[in-house]
Amino acid sequence: MLTTQFQNIYYLKLLVLSIIIKKLFELPVTRYVSQTTGYVMNLYIPKILRIPIFTIFSEIYKVRRQDMIHPLQNYETFNKFFTRQIKPRKIECGIISPADSKILSISKITKNECLLVKRVTYQIGQFLTGIKGYEMEFKKRQESSNLWSCIFYLAPGDYHRYHCPVDFIARTRLHIPGKLAPVKESSLKQGLYEGNERVVLEGEWEQGLMYIIFIGATNVGSMKVNFDSDLITNTNTYHKNGYRNYSKLSVNSPYSSCDKGVHIKKGQEIGRFEMGSTVVMIFESTSIEWNAKLQQKVYFGQQVASY
């Protein structure tokens, strides 16, 4: 009898321990990892160590050093190296890649669910609004036009600033807090994009509506939009979606504003990730022909589609 009681107590302790472990795994651990990484990335690196450290990193992650404006010894921190500016590039015709990246998906949108990679989809309504189960109703300019989704993944060695793929008027911004799970191709799974922290720019281009979305990930909690100083990402505070209307927003050069919102020229820098992550374009088009292919490495300024 006593043995049975001890067994019951033992099993009860195991049950309690399993529940505690489960809850620990549900905590936003990746956010604290990302914040710790952010702290390390901003630590000062002695000048004598910069060339060997950044050279090794560049070799491992295939950094395009020919694009860099400054020599390696000028970058005082990892963050300054990751968010480096680059030499001017040719901006090609048509729709250009918003970043140095790999194309994970090019999909025509016909319903609320859209292909991410093989056997993995994402729910567009929840992705764009943060509302679980939301069915998105797009107000297309023309009923005959198509909706497209294109996904660009930035690797650690890529240039980490993102640019405008077309002439674009940003009407609103929505910041959706969430997890910071890894978004590399091997980690993609159902519900990942809908669950990660992201910033959604909603607006229009010459053929209709357009959304440009920046997705955070482990070690990539910070996303910046140059003309939006109110946007603060990767915080410990559990807050609601942060909405901002860009109508008649006061902005500084080189950006310009109008009654509709902020006008961003094709190729103009929008902001940056503080390491790599993902940019998603969802847009309406009456006529488009894709030049880029799945898994293709593309570079900011390079044409990915003509219209």
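Read-outs throughout are calculated quantities, based only on the coordinates presented, and are distinct from any laboratory measurement. Values in this document were obtained by computation on a predicted structure and should not be read as measured data. Because the Cβ atoms are built from the backbone with ideal geometry, glycine has one as well, and the counts that use them run over all protein chains shown.
Of all DSSP bridge pairs formed entirely within the stretch 133-209, close to 90 percent run antiparallel. Taking amide H as placed 1.01 Å from N in the peptide plane, the amide H of HIS160 sits under 5 Å from that of ARG84, each at least 5 places away or on another chain. Across the stretch 165-307, Cα pairs under 8 Å and at least six residues apart give a relative contact order of 29 percent. With the simple model of a label 7 Å out from the Cα in the direction of the Cβ, LYS184 to ILE131 spans 3.7 nm.
Zone of LYS108 (label point 7 Å along Cα→Cβ, backbone N under 14 Å): which residues in the stretch 128-148? Backbone N within reach: 144-148.
Dipole magnitude for the stretch 121-249: about 300 debye, using +1 per Lys or Arg Cβ and -1 per Asp or Glu Cβ, origin at the Cα centre.
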